[in-house]
Amino acid sequence: MTLGFPHSDEQQNRIYYHLDHRLPDSEHGYRQLIETLREVVFKVDRSGHLTFLNAAWARALGYPVKDALGHHLCKFLHPDDWSIGEMILHHLSQDGRDIRQELRFQHQSGSVRWLEMVAHSDPDGGVLGTLFDITDHKEAINQLRYAANHDVLTGLLNRAAFTEELRQTIAQYQYDVNEHFAILFLDLDGFKLVNDSLGHLIGDQLLKEVSARIKSCLRPMDAIAR
């Protein structure tokens with residue numbers, strides 16, 4: 001997934017240039033520019049330890065800049081993304097080509113934040129780049145995906161999602177004679193009477209309660225749909 005940054009590639013290249021060369025006559029102006037950016041600007045040395053961060057780091061992840069400097073960048077990643085982060089740093093030190101990757105970072109509060117990293121190697125053998133917070137975008141995508149695959153009333157899989165689940169299950173078991181699966185169809189006796197006599201609101205509540213009770217009896221590998 002590719003996202004556009006609010007600043008241009010030309011501006012980002014200028015930032016990288018200043019990070020690479022640290023021009024003394026423009027240090028003050030350079031730092032002012034960096035500190036106004038919404039993106040995190042970072043630099044790590046050959047061993048992956050942070051040597052530079054702008055103020056956006058604290059806004060994005062909650063850690064004060066002074067406390068983060070000197071620590072390995074991967075220390076702030078979600079544990080499941082440690083290996084990816086280490087591979088990225090190794091790739092940049094060996095290859096040198098720019099890389100773009102979405103990574104999960106651990107906020108100081110304990111929450112998970114998604115950041116998109118755009119980075120490249122520098123002449124000193126380290127890595128410099130930017131981190132852009134895409135958490136809201138990720139959550140919006142997940143909400144849309146959930147809505148597309150689930151029944152609004154009960155939260156169960158909808159027909160399209162169940163059909164796909166069934167297709168994958170058939171493909172998984174069709175060549176294994178020792179494994180079996182079953183499909184059950186459940187109907188609520190007298191449900192029309194509930195709707196007609198007590199109203200659709202009560203009928204909806206009944207559907208949600210029955211769905212929740214059945215779902216609580218299922219194993220993780222089972223699926224239930226409406």
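The table below lists the values:
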| item | result |
| --- | --- |
| Matching residues, region 188-226, being more than 12 Å from Leu153 (Cβ to Cβ) and of a type in the set (A, V, I, L, M) | Leu188, Leu193, Val194, Leu198, Ile202, Ile214, Leu218, Met221, Ala223, Ile224, Ala225 |
| Tally of residues being touching a residue at least 40 places away in the same chain (Cβ under 8 Å) and more than 26 Å from Ile170 (Cβ to Cβ) across region 196-211 | 3 |
| Among residues of region 143-161, those that are surrounded by 12 or more Cβ atoms within 10 Å (Cβ to Cβ), of a type outside the set (Ser, Thr, Tyr) and over 25 Å from the mean Cα position of the chain (by Cα), counted | 1 |
| Matching residues, region 156-195, being in a helix (DSSP H, G or I), among the hydrophobic types (A, V, I, L, M, F, W, C) and free of Cβ contacts under 8 Å to residues at least 60 places away in the same chain | Ala160, Leu166, Ile170, Ala171, Phe191, Leu193, Val194 |
| Verdict on Ser109 being surrounded by 15 or more Cβ atoms within 10 Å (Cβ to Cβ) and touching a residue at least 12 places away in the same chain (Cβ under 8 Å) | no |
| Qualifying residue in region 48-63 (condition: loosely packed, with under 14 Cβ neighbours inside 10 Å, within 25 Å of the chain's Cα centre (by Cα), modelled with pLDDT of 95 or more and not basic (Lys, Arg)) | no |
| Among (1) of a type outside the set (Val, Ile, Thr); (2) over 30 Å from Arg97 (Cα atoms); (3) in the same structural domain as Ser47 (by TED's automatic domain parsing); (4) in contact with a strand residue (DSSP E or B) (Cβ under 9 Å, 6 or more places away or on another chain), the one test that Leu156 misses | (3) |
| Only listed residue being among the basic types (Lys, Arg) and surrounded by 14 or more Cβ atoms within 10 Å (Cβ to Cβ), chosen from Lys66, Lys43 | Lys43 |
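The values are calculated or read from the model by the stated rules, or taken from the named source; none is laboratory data. Remember, it's a predicted structure, so these values are computed and weren't measured experimentally. Backbone-built Cβ (ideal geometry, glycine too); neighbour counts: all protein chains shown.
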